[in-house]
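These notes are about the structure you will find just below.
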Amino acid sequence: MPPRNPLRGLLPRALSVGALFVLCGPFGEGTAFAADATGDRLDRLEAQVVSAETALATVKADVTDRAGFLGAEEARKRFEDGVYLYLVGDYDLAAKTFFTLVESGALAPGDVLLSDSEHYLGECLFELGNYALAEEAFQDIIDAGPSHTFFRDGVRRQLELYGLTGQGKKFYALYDRYIVTGRVEPTDLVKYTVGKSFYRQEEMVRAKSMLGEIPSTSMYYGRAHYLIGTILVREGSYDDAMDEFEKASAISVETPEDREVVDLANLALGRLAYETADLVASAEFYQRIDRNSRYFADALYEVGWTFIKQGDYQQALQSVEIFLLAYPEHRYTAQLKLLQGHLNMKEAEYESALVNYEGVVEEYTPVHDAIRAIEHDAMKPMEWFGTIVELESLDRYYGSDIPGYAVEMLAADPEVARAVDVQRDLNHQKAEIEASEQLIVELKTAFAGGDDAISSFQEGRRELTRLDLEVLRLKGELLQIEEAWLLASLPENLHADVRALRSEREELITGDGSRAREDASALASEYQKKADRIQQDAAKVAIQVEELASQSTQLRSKIGSADLTEEQRKDVGARLSEVDADLDHARSELDGLTKQRDELETLAREQRDAAADAGSSVMKAGYDKLHGDLASLRRHVTGSDRTVVTSRIDGIWRRLDSVDTTGDSIGARMGSLEQTELSTLRRRLDEETNNVADQRREYSSRAITANTLADEVTRDGFTTLGDEFATSVLKADKGIVDVYWVRKVSVSDERKALGKEQEALLRELDGRFRLIRQGLPEPTKNLPASEQSDEG
């Protein structure tokens, strides 16, 4: 068996269970059990021996049937894990799993799992956008020829990849070789893929021809005609394009992809009808899009302009109000709040217009001020850029500085959006590099720890150790069965000899050597757990060191920029001092953790060495001796079952010896194989270490350039955003003036009209009183004013 068994400390406990069974069970001293009881116990024991033999055969197959770093059984298990990861959309981990299966050589050529793994590897890489490696994976499938299960899919995917990456020569070489010649049947999926590739290469005539061959019964019919419609729009054939979009919008919706095609087709129809001034039809097309669609916001926004162009301002107002209720934090929101006031003015709803304009001024003025403050801050634009990069969805943004719709407007800026995509790609590369660096550290640590470095061999050792324990347990139980049988079959005067042998067996289980082994194993486990915890902490600090070093580099680059004001330069310098101090502290902490980990791992190795094989050989020799001693007492058995029982006991013992011997042989071969594979792994590890170092240098160079550009475009984005809000406030202010002006003019007109009416009335009254006054005496002079008044 293998010389180092970390699980051997479990031996006393495993065997003590059997001892307890004998001491407390129904077959104690003085019990005369029948031959059939012994037979039943031997039957149960033989079943357990069969299980041990089967487990050993599995380990043997995994070692002997081994073309690479993985055994056959482990390779099949990993394949199942990889398929699961692929199905749940974890393409990154799935790709790594299938890459291991393909590159390790664990699956023999011709194995269906190998061809499946090659296919899944290509698909995962394609989904991840890693087109360079995906191209290699698909080419391997193509090079395998038509006998490969996924040959046709490999050709199709490679054509699509060439179209995506603009590799025209390779595309047409592959297309002419396999599609034109008919070596790969042009199925509907192939036609759609090739049609898309022609479109991407600006081969519009060939694209329309290929896509037009897809029949209406195909699941790709709607997608094909949507793409044909897109081509016709680019060519300016709007009427023909609308016919194609109508075909796409009329398909039966069976899948989420079908729903998206239908929604996109209706959106395209609405836009085309708007452009061709068929406004009623445009509104109808937009209204086909359900509120649960991801394109509902675009449809609702655009249908409002359709109503405006028709002069139906009330309907447009309703669309705006619905939009603002449904999407209070959308990139269209800011624009529509101002538009709402304009539409109120069109409808002569002056009070509502005034409320909406004043609301825009009240809401947008502080937003504008906050944007300007961010724009002129030395660090804030990059902080906001980082926020946008980290957000999986802007729907999840919650902040107090600027509202969500302003953040979405910034993220929608084309230059900012491109910078965000570049940064996310860099972040993904950084994560991959860090994972590789961490793996390299772990592998180097494992190699330094001894032979138990390859997981598959570790698993094999654990199984051999378990079988080693199992063989000893079964031998102990077999000895118990024979002891009980002899006590029931021997004369009374020989029982003392059997009991003495039983005492020897129990001493083998509970001796001091077993306890020492158990204590050493427990201590080794404790040291290793502490080392593992410290390693996790060290990995986190290592990442922190890298991030701080990157920040330091960026700040040093920024502080040298001529565009900074003196105040901004001072802020950047203060931040650089903080980062450098944190970096020094993190590096010191990392050195301390690394030292602690190394010390603990050394202690763990020493304790494992002390625990390994402590007393195991003694126990085996002791059991063999007991087996011989018990066999010497058999001649005194006179019962008729003696030959049958002893023959079965000896047969089982030989089978257990065979398991033990075969296990030793497998363990020795495993050690030899591991040494060979470890040498290969170390060589590959050195190569990979150099590759990762090159990637780190390339990433650092790209990251500095990307950060400089990101700072510029984000600052420009905030400038544009601030201008938009400033314009909105200005227009709202003008709208408020317009409301007051219209109201003032209206009141003035009313006063003029009223004045004219009053003048006419006074003239009429004056005429009437003139007639009355003609018949009245002249007023009396020198009377008191009160009397004059009374008489009058």
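Derivation of every value follows stated rules applied to the coordinates shown; laboratory data play no part. Just so you know, these numbers come straight off a predicted model, no measurement behind them. Methodologically, a virtual Cβ is constructed for each residue, glycine included, from the backbone with ideal geometry; neighbour enumeration extends over all protein chains shown.
Name the lysines eligible as straight-distance cross-link partners of LYS475: C-alpha to C-alpha under 17 Å, and not fewer than 8 places from it in the same chain.
LYS620, LYS625
Cα centroid distance between the range 156-194 and the range 626-655, in Å?
75
For the range 405-429 and the range 263-339, write down the distance between their C-alpha centroids in whole Å.
If we compute the Cα centre of each part, the gap is 26 Å.
Work out from phi, with θ = phi - 60° and the Karplus expression 6.51 cos²θ - 1.76 cosθ + 1.60, the ³J(HN,Hα) of each residue of the range 528-534, listed in order in whole Hz, and give x for Gly and Pro.
Couplings: 5, 4, 4, 5, 5, 4, 5 Hz.
How long is the gain from GLU136 to SER658 if the chain were fully straight, where each residue apart is worth 0.36 nm and the alpha carbon distance is subtracted? Don't skip to the end; give the middle numbers.
Working: separation 522, 0.36 × 522 = 187.92 nm, distance 4.79 nm.
The span from GLU136 to SER658 would gain 183.1 nm if fully extended.
Within the range 225-301, list the trypsin sites (Lys or Arg not before Pro) lying in a DSSP loop whose Cβ has at most 14 other Cβ atoms in a 10 Å radius.
Those that pass, being in a loop and sparsely packed, are ARG291, ARG294.
Multiplying the sequence separation of ASN493 and SER237 by 0.36 nm and subtracting their Cα-Cα distance, what value in nm do you get? Mind dumping the intermediate values first?
Values: separation 256, 0.36 × 256 = 92.16 nm, distance 11.28 nm.
Extending this stretch completely gives an extra 80.9 nm.
Please compute the modelled spin-label separation between GLU547 and THR708, points set 7 Å along Cα→Cβ, answer in nm with one decimal.
About 2.5 nm separates the two model spin labels.
Rounded to the nearest 0.05, what FRET efficiency do GLU506 and ASP686 have when you use their Cβ-Cβ distance and R0 = 35 Å?
Values: r = 53 Å, r/R0 = 1.52.
Approximately 0.05, to the nearest 0.05.
Which entries of LYS169/LYS191; LYS430/LYS530; LYS96/LYS530; LYS96/LYS170; LYS196/LYS247; LYS430/LYS558 show an alpha-carbon separation above 23 angstrom in the structure shown? Before the final figure, lay out the partial values.
On the way: LYS169/LYS191 19 Å; LYS430/LYS530 28 Å; LYS96/LYS530 29 Å; LYS96/LYS170 27 Å; LYS196/LYS247 18 Å; LYS430/LYS558 21 Å.
Over 23 Å Cα-Cα: LYS430/LYS530; LYS96/LYS530; LYS96/LYS170.
Pop the C-beta distance of ALA412 and ARG605 into the FRET formula with R0 = 51 Å and round what comes out to the nearest 0.05.
Values: r = 58 Å, r/R0 = 1.13.
Rounded to the nearest 0.05, the efficiency is 0.30.
Assign one of three labels to the range 183-222, namely rounded, prolate or oblate, based on the Cα gyration tensor with a ≥ b ≥ c the square roots of its eigenvalues; rounded applies when a/c is under 1.5, prolate when it is not and a/b is larger than b/c, and oblate otherwise. Can you show the working numbers first?
Values: a/c = 2.12, a/b = 1.38, b/c = 1.54.
Because a/c hits 1.5 or more and a/b fails to exceed b/c, the range 183-222 counts as oblate.
Shape of the range 206-306 from its Cα gyration tensor (a ≥ b ≥ c, root eigenvalues): rounded if a/c is under 1.5, otherwise prolate when a/b > b/c, or oblate? Present the calculation step by step, with values, prior to reporting the outcome.
On the way: a/c = 2.48, a/b = 1.29, b/c = 1.92.
Oblate, because a/c is 1.5 or more while a/b does not exceed b/c.
Quick check: residue separation of ASP176 and ASP43 times 0.36 nm, minus the Cα distance between them. What number comes out in nm?
Working: separation 133, 0.36 × 133 = 47.88 nm, distance 6.91 nm.
Residue separation times 0.36 nm, minus the Cα-Cα distance, leaves 41.0 nm.
Report the FRET efficiency, 1/(1 + (r/R0)^6), for ASP81 and GLN335, where r is their Cβ-Cβ distance and R0 is 51 Å, rounded to 0.05. Please list the in-between numbers first.
Details: r = 50 Å, r/R0 = 0.97.
Efficiency for this residue pair is about 0.55.
Starting from the 7 Å offset along Cα-to-Cβ, what nm value, one decimal, do you get for the label separation of THR387 and ILE322?
3.2
Leaving out same-chain residues fewer than 8 places away, which aspartates and glutamates sit with a Cα under 18 Å from that of LYS595?
Within reach: GLU442, GLU526, ASP532, ASP537, ASP584, GLU606.
Any idea how far apart GLU246 and VAL50 come out in nm if each label point goes 7 Å out from Cα toward Cβ?
Taking the two extended label points, one gets 7.4 nm.
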